[in-house]
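Below you'll find the structure, written out as structure tokens, and then a few comments.
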Amino acid sequence: MNTMNTQSNAMPESSRDSQIDESQVVTPAVLSATRPMYWSVRRELWENRSIYIAPLAVAALILFGFMISTIHLPGKMRAALASHPLHQQEFIEQPYNFAALLLMATYLIVAVFYCLDALHGERRDRSILFWKSLPVSDLTTVLSKASIPLVVLPLLTFAVTVVTQWIMLLLSSAVLLGSGLSLGTLWTHLPLFRMSLMLLYHLLAMHGLYYAPIYGWLLLVSAWARRAAFLWAGLPLLAIGVVEKIAFNTSHFAAMLQSRFSGGPEAIAYPAQSSVMQEMTLLTLGKFLISPGLWIGLAVFAAFLAAAVRLRRYQGPI
Amino acid sequence: MTFQPMACIEARGLHKTFGTIIALDGVNLRVEEGRILGLIGPNGAGKTTALNAILGLTPYQGELRVLGRDPWMERDLLMRDVSFIADVAVLPRWIMVSQLLDYVAGVHPRFDRAKAEGFLAKTTIRLTSRVRELSKGMVTQLHLAVVMAIDARLLVLDEPTLGLDILYRKQFYDSLLNDYFDRNRTIVVATHQVEEVQHVLTDLMFIDRGRIVFDRSMEEVESRYLEVMVRPEQVAAARALKPMHERQVIGGSVLLFDGADRQRLTALGEVRTPSIADLFVAVMGNHASVTQGAAR
């Protein structure tokens, strides 16, 4: 009886699987692991168009403002040429760094709102019942959502920033050429390649990996809260801080949070603040990778994510 | 042990509580492959909870196997062979029809995109529309087109036609029977709209207060249960045959019998097979009085 059952169980399975094998080049194991992940990430981008619209809109704003500012560029450039070389550097780099900073801030704002809605929205609009009717595990779904602030947003922000900075450079060059000034000072004082490299490192290491527990916490809250996810994201942290202050008159928790937000003792100085950063990149990377702050953070992130996966498994529509 | 056809769904002592409310109170059921089961019950009877347990959406106590798998532990694997339509409003409103097809084709190894597009071509739904732009009926058509293009072995429908007009409702079950159902598939449908599934079902189950109170194939139903319309002067004679239920209509009474002799009933009036709705009322009425009696 038992063997009969397993056979009748296995037969249609194997015949179906072999059909898939013929039509797909990838082996089923790889297929089942990566394809749902790939499509789930695409799905997130379809649903949350702000992920790419927001940085593009900010980039457009930056370029618009910069275009207006180029009216005064030739005059300011002449004044700068007369000043100390360090001031020249600062003057030339400043708008490029400001653009990077604005886009970074956009990334963080988009990431926070995205994470808080990621596992809440699908329960609110009941679409979780549809997603769960497909052969995609809760783990894959949560990982695909976590990959947005961790991987997609830093890379996207990097690409938008680099393109924006290059457009700014070309715009300034055109204006300076038009007014008969040489491009030498501008191009020698603007290490765009080094800045880009530092930016990529900063985005992935700091805003991606080091901030991971923050995104993990927000995803967990969005999986748990029935409403007012935004409030629930902040209140428990505040409560812990208050209790600690009253009970022990200390503020280690608040200090810990602050250190996490500011990048901790391992914080990589923003590229512009240090000209010797170029040589230090590898050293800093090494220091960053062995810092306990990073690994504790990643462990906490993994725990938050595991809890979010478990919650999604149990929860239905709100 | 006898050889039985493979069970698509097998549950023993399925139990589920929400706080103090008992949603499932020891449900035993077995659904063979190739059947269309109607799960009928009043609001709050445990229909949706039972279906959620079968679909791996909710944890439970007791034994449950769906296509040989434990749904709670293996939902994602199970969903390769199971499709379900929860109710009309679960397709994400932001998604574009073409994106929906792309996504399902991307994650579901048994989805046939061409087939889904074929079904959609028979409707007025365009691939560039977003779900939020579609009417309720069209969203159901879309969901059905996606589900019918999946080569699944079990399809679970929970109030699939809720809020649809008569045309869409009729069309829904027609498409299911003509374009989807075959002897290798199993369909479980929970609904209040019993009259429209009457001729679709092969099996019928009533659920009340977390228990299965009625479980028969439609052939059994048709051979066992008879309804007679009796004029007032013959009601006493009819009552002597112990009907399970009696209701008043204009010009007489309708009495419902379980396993009565058709010949004797024909002498009393016009004999016919009761509708599922009438059978439901009769079974539920008896069940309610029995449990009330037990409570007293």
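The values are calculated or read from the model by the stated rules, or taken from the named source; none is laboratory data. If you're wondering where the values come from, they're calculated on a predicted model, not measured in any experiment. Note that we place each Cβ from the backbone using ideal geometry, even for glycine, and neighbour counts take in every protein chain shown.
Count, please, the residues in segment A:117-141 that happen to be over 18 Å from B:His108 (Cα atoms) and buried (at least 21 other Cβ atoms within 10 Å of the Cβ).
Within segment A:117-141, residues that are over 18 Å from B:His108 (Cα atoms) and buried (at least 21 other Cβ atoms within 10 Å of the Cβ) number 4.
Within segment A:83-98, take every residue that is surrounded by 15 or more Cβ atoms within 10 Å (Cβ to Cβ) and of a type in the set (Phe, Trp, Tyr) and give me the one that is farthest from A:Trp166 (Cα to Cα).
Step by step, filter segment A:83-98, then rank; the result is A:Phe91.
Do we find that B:Leu101 is closer than 20 Å to A:Glu122 by Cβ and at pLDDT 95 or above in this structure?
When the stated conditions are applied, B:Leu101 passes them.
Among the numbered conditions (1) within 21 Å of A:Thr140 (Cβ to Cβ); (2) at the interface with chain A (Cβ under 7 Å from one of its Cβ atoms), tell me where B:Gly68 comes up short.
(1)
Name the single residue that is nearest to A:Leu171 (Cα to Cα) among those in segment A:72-84 being without any contact (Cβ under 8 Å) to a residue 40 or more places away in the chain and either in a helix (DSSP H, G or I) or aliphatic (A, V, I, L, M) (or both).
My answer is A:His72.
With B:Ile95, B:Ile40, B:Ile21 as the choices, which residue is under 16 Å from the mean Cα position of the chain (by Cα) and at negative phi?
Of B:Ile95, B:Ile40, B:Ile21, the one residue that is under 16 Å from the mean Cα position of the chain (by Cα) and at negative phi is B:Ile40.
Identify all residues within segment A:142-155 that are away from chain B (no Cβ under 14 Å), among the β-branched types (Val, Ile, Thr) and buried (at least 19 other Cβ atoms within 10 Å of the Cβ); write none if there are none.
A:Ile148, A:Val152, listed by residue number.
Which residue out of B:Gly44, B:Gly34 is in a loop (DSSP other than H, G, I, E, B), free of Cβ contacts under 8 Å to residues at least 24 places away in the same chain and more than 10 Å from chain A (Cβ to nearest Cβ)?
B:Gly44
Would you check if A:Ala239 is among the aliphatic types (A, V, I, L, M), over 23 Å from A:Ile62 (Cβ atoms), more than 22 Å from the chain's Cα centre (by Cα) and in a helix (DSSP H, G or I)?
yes
Output yes when any residue across segment B:71-81 is more than 14 Å from every other protein chain (Cβ to nearest Cβ) and either within 25 Å of B:Glu32 (Cβ to Cβ) or not in a loop (DSSP other than H, G, I, E, B) (or both), and no when none is.
No - not one qualifying residue is present in segment B:71-81.
When both residues are 6+ apart or on different chains and their Cβ atoms are under 6 Å apart, which pairs have a first residue that lies in segment B:58-70 and is closer than 15 Å to B:Gly210 by Cα, and a second that is of a type in the set (Gly, Ala, Ser) and not in a loop (DSSP other than H, G, I, E, B)?
Matching pairs, first to second residue: B:Tyr60/B:Ala53; B:Gly62/B:Gly13.
Could you check B:Ala86 against (1) out of contact with any Cys (no Cβ under 9 Å at 6 or more places or on another chain); (2) more than 8 Å from chain A (Cβ to nearest Cβ); (3) aliphatic (A, V, I, L, M); (4) within 20 Å of B:Thr186 (Cβ to Cβ) and say which number it fails?
Of (1) out of contact with any Cys (no Cβ under 9 Å at 6 or more places or on another chain); (2) more than 8 Å from chain A (Cβ to nearest Cβ); (3) aliphatic (A, V, I, L, M); (4) within 20 Å of B:Thr186 (Cβ to Cβ), only one is false for B:Ala86: (2).
Condition check ((1) surrounded by fewer than 16 Cβ atoms within 10 Å (Cβ to Cβ); (2) in contact with a Leu (Cβ under 6 Å, 6 or more places away or on another chain); (3) closer than 25 Å to B:Val194 by Cβ) across all residues:
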position	(1), (2), (3)
B:Asp25	no, no, yes
B:Arg35	no, no, yes
B:Gly38	no, yes, yes
B:Gly44	yes, no, yes
B:Lys47	no, yes, yes
B:Leu55	no, no, yes
B:Leu67	no, no, no
B:Asp76	no, no, no
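Hey, can you tell me all the residues within segment B:52-65 that are within 11 Å of another protein chain (Cβ to nearest Cβ) and either part of a strand (DSSP E or B) or within 29 Å of B:Gly285 (Cα to Cα) (or both)?
B:Asn52, B:Arg65
A:Ala118 is checked against (1) of a type in the set (Gly, Ala, Ser); (2) touching a residue at least 12 places away in the same chain (Cβ under 8 Å); (3) away from chain B (no Cβ under 14 Å) and fails just one. What number does that condition carry?
(3)
Among (1) farther than 30 Å from A:Leu311 by Cβ; (2) part of a helix (DSSP H, G or I), where does A:Leu155 come up short?
For A:Leu155, the exception is condition (1).
Could you please let me know if A:Met256 is part of a helix (DSSP H, G or I), under 27 Å from A:Val162 (Cβ atoms), at pLDDT 85 or above and out of contact with any helix residue (DSSP H, G or I) (no Cβ under 8 Å at 6 or more places or on another chain)?
When the stated conditions are applied, A:Met256 does not pass them.
Return the residues of segment B:48-83 that are in contact with a helix residue (DSSP H, G or I) (Cβ under 9 Å, 6 or more places away or on another chain) and of a type in the set (D, E, K, R); say none if nothing qualifies.
B:Arg69, B:Asp70, B:Arg75, B:Asp76, B:Arg80, B:Asp81
When you scan segment B:196-296 for helices (runs of 4 or more DSSP H) that lie fully inside it, which ones turn up with 1 or more residues that are more than 30 Å from B:Thr161 (Cα to Cα)?
Ranges flagged: B:235-239, B:262-266, B:276-295.
Being touching a strand residue (DSSP E or B) at 6+ places or on another chain (Cβ under 7 Å) and aromatic (Phe, Trp, Tyr) is the filter here; which residues of segment B:8-65 pass it?
If the condition is that a residue be touching a strand residue (DSSP E or B) at 6+ places or on another chain (Cβ under 7 Å) and aromatic (Phe, Trp, Tyr), then B:Tyr60 is the only one that fits.
Got at least one residue in segment A:85-97 being within 25 Å of the chain's Cα centre (by Cα), under 27 Å from A:Ser262 (Cα atoms), in a helix (DSSP H, G or I) and aliphatic (A, V, I, L, M)?
no
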